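Peer 1: My structure is below; once you've seen it, I'll send some questions.
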Amino acid sequence: ASRDAEVMAKWQAHPVIYEINAWRWLHELSARSRGSITLGSVPGEEWDRLASFGVDAVWLMGVWERSPLGIKVANRDPKLRSEFARALPDLVEDDIVGSPYCIRRYRVDARLGGPEGLAQARAALARRGLRLILDFVPNHVALDHHWAHEQPEFFIQGKAEDLQRDPESFYDVGGKVVARGRDPYFPAWPDVAQLNAFHPGLRGAAVETVRAIAEQSDGMRCDMAMLMMNDVFARTWGERAGRRPPTEYWHDVIGEVRSQHPDLLFIAEAYWDLEWELQQQGFDYCYDKRLYDRLVHENAGAVRGHLHADIHYQNRLVRFLENHDEPRAAATFAPQGRARAAAVVMMTLPGAKLLHEGQLEGYRARMPVFLRRHPPEAEDRALRAFYQRLLQAQKTHGGLQGEWALCEATGWPDNQSAHNLLAWSWRNGPARSLVAANYSDTASQGSVRLPWDDEAPGPWRLTDLLSGERYERDGAELQRQGLFVDLKPWGFHYLLLER
């Protein structure tokens, strides 16, 4: 135990986090073993497999008790039923296990192994040098959560006429009209009740909930964190929210919990360009949805512009190509070359990295989180081998440590394809690496200006950590002219530079 505590004393800089849908994962492990596998009985070789990926933490998404009432609501919803049937053509009723974000109680579901099983899973991860991340959903709880009956003042209140006029946005619980949870830009979610971020009692109860999660984990991913910011909440709910408090929800909650759990990692699922503000309110990391959108919809210039942001801000972003809310990367970033180029870009930037279960295997089916299984898919072994090389290269050569710098790539009057190039470097003492990627579907060339001024004259060896190719260049030439690169469409280099 003391050795495990020592291993987990501090978080790795720029950690790699691997998201697993806990229910689906355990169901599929059980099906393969023809037995019942819970968090407490996961075979050691499965934990070893996760550790072999070279990640730093595992996010077990969806371990808390789901709402039976929420499952009934989902089963009655024709849009959801249609989505389930499209995702799983041989769907049966038992496949619908409910939304992991419709939480009845913050207790590990007994069918997943309960609190004891989670403790065993956390210990198994710690023995392998991995940390555990769990969910916190601040904006809403299930309609049958005990607060709905015991603490109705914790919720946004409505009136009888609200319920009569808009039953899709309000519901009755014990004679009280309560708002259903919502995002301000979409209709209300039918299976959850809206908590009032401005209510001081709710904030105190949230602190106790987060403390309980902190006792069982090393970090937490906070769902739709921006919805609880004072400005956003006031715009969403207006007078129904009551008096605006003088302090921010996250400042209060994170500050209180950190007093007892100083090493607990807080990750915000965040949108609407509110990442910097959430960082100021206490979050260690925030989703970088803007980078994702630029990689999907825009060009190298837009990505490069994004990377000019302050490095301290970038160090606290979570980079990703997919997660349970986004389409599969293998389908989104077609052709295959583009998927690999996007992966090299994402994985070699400063900040945390989020990998999603099935991403390494190239799975293409996007699955609703309500379902306990996904249809059979063929593994893309070449993509899996590529990710393994990429992750192993970072672990073997010290990872993303030291000083990061964006590099300029220039062309010539008759060849401006350098605009398609993305390039940056890492330097940690004498160790240094360079990433160059052609984020376009045409061959591109350019001269990458290195940000260092101490390339000693004489031979330098450049080893591509992904292809294994080696090159020799003169240090004086690198200083004067930079590094010439000629990359095929969606091509890339991940170079280790050594004297």
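The values are calculated or read from the model by the stated rules, or taken from the named source; none is laboratory data. Since we're looking at a predicted model, the values are computed, not measured. Glycine also receives a Cβ, built like all others from the backbone with ideal geometry; neighbour counts cover every protein chain displayed. Ligands, DNA and RNA are excluded from the accessible area calculation, which covers all protein heavy atoms including side chains. Shrake-Rupley method; radii C 1.70, N 1.55, O 1.52, S 1.80 Å.
Peer 1: Can you find even one residue in region 450-468 that is in contact with a Gly (Cβ under 9 Å, 6 or more places away or on another chain) and under 29 Å from HIS297 (Cα atoms)?
Peer 2: Yes - at least one qualifying residue is present in region 450-468.
Peer 1: How many of the residues making up region 476-499 are among the acidic types (Asp, Glu), within 26 Å of TYR387 (Cα to Cα) and open to solvent by 70 Å² or more (accessible area, probe 1.4 Å)?
Peer 2: 1
Peer 1: Check off (1) open to solvent by 20 Å² or more (accessible area, probe 1.4 Å); (2) within 29 Å of GLU377 (Cα to Cα) for PRO152 and give me the number that stays unchecked.
Peer 2: PRO152 satisfies all of (1) open to solvent by 20 Å² or more (accessible area, probe 1.4 Å); (2) within 29 Å of GLU377 (Cα to Cα) except (2).
Yes or no, residue by residue, for (1) in contact with a His (Cβ under 6 Å, 6 or more places away or on another chain); (2) modelled with pLDDT of 95 or more; (3) under 22 Å from ARG480 (Cβ atoms); (4) of a type in the set (Val, Ile, Thr):
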position: CYS407; (1), (2), (3), (4): no, yes, yes, no
position: ASN415; (1), (2), (3), (4): no, no, yes, no
position: ASN428; (1), (2), (3), (4): no, no, no, no
position: TYR439; (1), (2), (3), (4): no, yes, no, no
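Peer 1: Pairs, please: C-beta under 6 Å, at least 6 apart or cross-chain, first residue touching a residue at least 60 places away in the same chain (Cβ under 8 Å) and farther than 30 Å from LYS395 by Cα and in region 123-148, second open to solvent by 10 Å² or more (accessible area, probe 1.4 Å) and assigned to a strand (DSSP E or B)?
Peer 2: So the pair list comes out as ALA142/ARG104; ASP144/ARG104; HIS145/ARG104.
Peer 1: Sticking with this one: All but one of (1) at pLDDT 95 or above; (2) at positive phi hold for ALA206; state the number of the condition that does not hold.
Peer 2: (2)
Peer 1: If we keep just the residues of region 19-72 that are hydroxyl-bearing (Ser, Thr, Tyr) and in a helix (DSSP H, G or I), which is surrounded by the most Cβ atoms within 10 Å (Cβ to Cβ)?
Peer 2: The qualifying residue surrounded by the most Cβ atoms within 10 Å (Cβ to Cβ) is SER41.
Peer 1: Can I ask one more? Could you tell me whether region 81-98 includes any residue that is buried (at least 20 other Cβ atoms within 10 Å of the Cβ) and among the basic types (Lys, Arg)?
Peer 2: no
Peer 1: Let me ask something else. I'd like to know if region 336-354 contains one or more residues that are open to solvent by 30 Å² or more (accessible area, probe 1.4 Å) and hydrophobic (A, V, I, L, M, F, W, C).
Peer 2: Scanning region 336-354 turns up no residue that is open to solvent by 30 Å² or more (accessible area, probe 1.4 Å) and hydrophobic (A, V, I, L, M, F, W, C).
Per-residue answers, yes or no, for (1) among the basic types (Lys, Arg); (2) more than 23 Å from ALA443 (Cβ to Cβ); (3) in a loop (DSSP other than H, G, I, E, B); (4) under 32 Å from the mean Cα position of the chain (by Cα):
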{"residue": "PRO457", "(1), (2), (3), (4)": "no, yes, yes, no"}
{"residue": "ARG461", "(1), (2), (3), (4)": "yes, yes, no, no"}
{"residue": "GLY468", "(1), (2), (3), (4)": "no, no, yes, yes"}
{"residue": "GLU472", "(1), (2), (3), (4)": "no, yes, no, no"}
{"residue": "ARG480", "(1), (2), (3), (4)": "yes, yes, no, no"}
{"residue": "PHE484", "(1), (2), (3), (4)": "no, no, no, no"}
{"residue": "LEU495", "(1), (2), (3), (4)": "no, no, no, yes"}
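Peer 1: Need pairs with beta-carbon distance below 8 Å; first residue over 16 Å from HIS145 (Cα atoms) and basic (Lys, Arg) and within region 169-188, second outside any loop (DSSP other than H, G, I, E, B) and modelled with pLDDT of 90 or more; sequence gap 6+ or separate chains.
Peer 2: What qualifies is ARG182/GLN194; ARG182/THR236.
Peer 1: From the residues in region 169-196 that are open to solvent by 40 Å² or more (accessible area, probe 1.4 Å) and of a type in the set (Gly, Ala, Ser), which one is modelled with the highest pLDDT?
Peer 2: Per the stated criteria, the residue is GLY175.
Peer 1: Return the total of residues in region 99-113 being surrounded by fewer than 19 Cβ atoms within 10 Å (Cβ to Cβ) and under 17 Å from ILE20 (Cα atoms).
Peer 2: Residues in region 99-113 being surrounded by fewer than 19 Cβ atoms within 10 Å (Cβ to Cβ) and under 17 Å from ILE20 (Cα atoms): 1 in total.
Peer 1: Go through region 134-144 and report how many residues are outside any loop (DSSP other than H, G, I, E, B) and surrounded by fewer than 21 Cβ atoms within 10 Å (Cβ to Cβ).
Peer 2: Quick first cut of region 134-144, residues outside any loop (DSSP other than H, G, I, E, B) only: 134-136, 140-142.
Restricting the remaining residues to those that are surrounded by fewer than 21 Cβ atoms within 10 Å (Cβ to Cβ) gives none.
Matching residues across region 134-144 total 0.
Peer 1: Let me ask something else. If ARG122 satisfies all but one of (1) within 21 Å of ALA214 (Cα to Cα); (2) outside any helix (DSSP H, G or I); (3) open to solvent by 60 Å² or more (accessible area, probe 1.4 Å); (4) not acidic (Asp, Glu), what's the number of the condition it fails?
Peer 2: Every listed condition holds for ARG122 apart from (2).
Peer 1: Would you confirm whether or not region 92-113 contains a residue that is of a type in the set (A, V, I, L, M, F, W, C) and part of a helix (DSSP H, G or I)?
Peer 2: Yes, some residue in region 92-113 is of a type in the set (A, V, I, L, M, F, W, C) and part of a helix (DSSP H, G or I).
Peer 1: I've got another one for you. Output the number of the condition that LEU360 fails; it satisfies all remaining conditions of (1) open to solvent by 20 Å² or more (accessible area, probe 1.4 Å); (2) closer than 17 Å to TRP25 by Cα.
Peer 2: Evaluating LEU360 over (1) open to solvent by 20 Å² or more (accessible area, probe 1.4 Å); (2) closer than 17 Å to TRP25 by Cα leaves (1) as the failure.
Peer 1: While we're on this one: Being exposed (fewer than 13 other Cβ atoms within 10 Å of the Cβ) and at pLDDT below 90 is the filter here; which residues of region 441-475 pass it?
Peer 2: ASP453, ASP454, ALA456, PRO457, GLY458, PRO459
Peer 1: Among the residues of region 262-317, what is the count of those that are of a type in the set (A, V, I, L, M), part of a loop (DSSP other than H, G, I, E, B) and open to solvent by less than 20 Å² (accessible area, probe 1.4 Å)?
Peer 2: 3
Peer 1: One residue is enough: does region 429-440 have a residue meeting the conditions part of a strand (DSSP E or B), touching a residue at least 40 places away in the same chain (Cβ under 8 Å), within 24 Å of GLN336 (Cβ to Cβ) and among the aromatic types (Phe, Trp, Tyr)?
Peer 2: no
Peer 1: So, one more: Quick one: in region 197-253, which of the residues that are in contact with a Lys or Arg (Cβ under 8 Å, 6 or more places away or on another chain) and of a type in the set (A, V, I, L, M, F, W, C) is most open to solvent (accessible area, probe 1.4 Å)?
Peer 2: Among them, the one singled out is ALA234.
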